[in-house]
Each structure stands twice: as C-alpha cells, then as structure tokens.
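Below is one structure; the comments refer to it alone.
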Amino acid sequence: MSGTANLPEHDSAMALESVQNNSKDTFELSSGVVLKIKGKINPSVIIDILADLEEKRPKAPTVYIEAIGREEVNYDNPDYIDRKERWETMSAGRISDVLILLGTKVDFIPEGIDHPKDNKWIETLEVLGFSLNRRSEPARYLAWVKHVAIQDKEDWELITENVGRMAGVTEADVQRAQSSFPPKKS
C-alpha cells in the first residue's frame, strides 16, 4: 500500500510540480515525501506545553562552599548536566511533535515508501521495541513522519523552519511564552 493509494484524489505529477514550483505551503523531505502545511497552530497549545516542560525542568543542586560560608548552585554537577540534557531533548521532541501533528499533512508519498495506514513499518518499529497505538490515526501519522518520512537531520530542520514559519509559531512566540513563566529557583 505505498504510493498515493490512500491519499485524497491526488495526481503524483501535480505533487511533483508543486514541489518543483517551490510552493510555500509544501516541502519535500529527503525520502521524497511531500508534506503540506495545514495553517496556523493555536499558540495556547505551545504555551501549555512550555508550561508543562517548565515544571519538569531539573533543578541544579546546591553545594556548601566553606570558604564563603554559604550554599551555591552547582551547575557543573554531572548528574544535573545529564538530567538537563535529557530534559532539553524531551522539550525539543515535544515541540517537534506539535509542529508535525498539528501543522502538517501528507501531500505526496513516492513509490516505495510505506503509507501511514500500512502495517509493515509499524511491525518493524515494534520489533525494535517501540509501542504504538495502531487504532489512533494521529499516533500513526506522528510515528510515521518521525520514523519513515524523516530520514535525516535536515528533514527535522525543514519541518521546524517551514511549519513553524507558516503555522504562525515563531521563535518570538516561544520566547514570549517562556518569559511569562515566573523565574525558576534552582
């Protein structure tokens, strides 16, 4: 079930022409999959996710420094650095998930690439230890884009740039939302 079999009536020649014309609402990933940008993403979704992430931000431990007679925050603690790096990765993943799920839809799938409704790619992921709700269309779509359509780092960057720009989610929006949080005591 590869190709455009389950897509809305769509001529593959039109999809290729759209990409070749460098349409601003579609972009091609390295797999040949063409994604279409849905439109604006409700900023409150991003704000709510950022608030949730802020609550989970790891706190840096303190250490008593005898020479100055007080405790100081130790941002160089190896455990803290590790927890912070994992938190940053999780945070980027959550924002990427929003951009993919709420900001894109399939415009074209080239021959040889499994379709989101196929099961072969899911079976491969399950053998690798992934768990996926096969009955949830959004879960399938998100996993398919992340594990089938996206094939390299540049694809992630394309999604972030194109969907973020066209969906109305700018770096300024993210910074504005982050600045609305009260300062976090470490």
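The values are calculated or read from the model by the stated rules, or taken from the named source; none is laboratory data. Computed from a predicted model, the values in this text were never measured in an experiment. Cβ: placed from backbone, ideal geometry, glycine included. Neighbour counts: every protein chain shown.
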Next on the checklist: Kindly evaluate Thr124 against the criterion of being under 24 Å from Leu35 (Cβ atoms) and polar (S, T, N, Q).
Outcome noted: yes
Next on the checklist: Can you tell me which residue is surrounded by the most Cβ atoms within 10 Å (Cβ to Cβ) among those in region 62-121 that are closer than 30 Å to Ala139 by Cα and of a type in the set (Gly, Ala, Ser)?
Outcome noted: Gly103
Next on the checklist: Just to be sure I understand the filter: pairs with C-beta atoms under 9 Å, separated by 6 or more residues or on different chains, first member in region 66-88 and farther than 21 Å from Ala51 by Cα, second member part of a helix (DSSP H, G or I) and of a type in the set (A, V, I, L, M). Which pairs pass?
Outcome noted: Tyr75/Ile81
Next on the checklist: Of everything in region 34-77, what is closer than 30 Å to Pro116 by Cβ and not in a helix (DSSP H, G or I)? Give them in sequence order.
Outcome noted: Val34, Leu35, Lys36, Ile37, Lys38, Gly39, Lys40, Ile41, Asn42
Checklist entry - Which residue pairs have Cβ atoms closer than 6 Å, lie 6 or more positions apart in sequence or on different chains, and pair a first residue in region 128-147 that is in contact (Cβ under 8 Å) with a residue 60 or more places away in the chain and within 10 Å of Leu101 (Cβ to Cβ) with a second residue that is assigned to a helix (DSSP H, G or I) and of a type in the set (A, V, I, L, M)? => result Val145/Ile100
Checklist entry - For region 78-180, list the helices (runs of 4 or more DSSP H) that sit wholly inside it and hold at least 3 residues that are modelled with pLDDT of 95 or more and out of contact with any Phe, Trp or Tyr (no Cβ under 7 Å at 6 or more places or on another chain); which are they? => result 78-103, 120-127, 137-144
Checklist entry - Are there any pairs, at least 6 apart or on different chains, whose C-beta atoms fall under 6 Å, with the first in region 95-121 and within 18 Å of Arg134 (Cβ to Cβ) and the second β-branched (Val, Ile, Thr) and at pLDDT 95 or above, and if so, which? => result Asp114/Val148; His115/Ile109; Trp121/Val148
